[in-house]
């Protein structure tokens with residue numbers, strides 16, 4: 001449905017939480033190295049619980065390798081605090097790539113300046129600097145789902161019980 005791209009994530013619990021979101025939405029999670037943890041880290045799996053085995057996961061050796069295959073274009077959005085473009089003003093489409101940078105540094109500012117129309121932000125009050133990465137991904141991806149809910153295959157209690 002969507003592609004969540006984490007550029008050099010550093011905190012395993014955030015990645016595990018985002019992986020769980022991706023499984024529940026039928027989204028692909030792209031992780032771009034270097035990672036601040038081992039992909040088999042207990043903290044990643046603990047945060048993703050038993051969902052991790054169902055995750056559609058793609059790991060890229062570098063941001064350049066990812067961009068070579070998926071150049072920034074009209075189906076790409078970059079989450080940042082360095083724009084006034086609000087995420088809920090975007091017309092998300094199935095298959096979009098939504099990028100988020102490392103927890104401590106975000107996405108490279110040169111890339112943000114090169115593609116200002118592809119930058120999106122979540123509005124925040126003046127006392128905060130940013131939101132947790134897992135929260136940010138959840139806010140944006142569920143807006144994308146809301147806009148594209150038609151045809152979404154939701155998990156029902158019956159389907160869930162049949163899998164067990």
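Bear in mind that the values in this text are calculations on the coordinates, not laboratory data. Only a predicted model underlies this, so the values are computations on that prediction, with no experimental measurement involved. With ideal geometry, Cβ positions are generated from the backbone for all residues, glycine too; neighbour counts draw on all protein chains shown.
Of note:
- Helix-only CD estimate at 222 nm, as mean residue ellipticity for the chain, using -39500 (n - 2.57) per DSSP H run (n ≥ 4): -10000 deg cm²/dmol
- Nearest-ten-degree value, helix 133-147 long axis tilted from longest Cα axis of the chain: 80 degrees
- On Cα atoms only, tilt of 12-25 relative to the major axis of the chain in degrees: 70 degrees
- Relative contact order, whole percent, for the chain stands at 26, derived from Cα pairs under 8 Å and 6 or more residues apart.
- Of all DSSP beta bridges confined to region 3-163, the antiparallel ones make up roughly 5%.
- With neighbours defined as other Cβ atoms within 10 Å of a residue's Cβ, the residues 88, 63 order from fewest to most as 88, 63.
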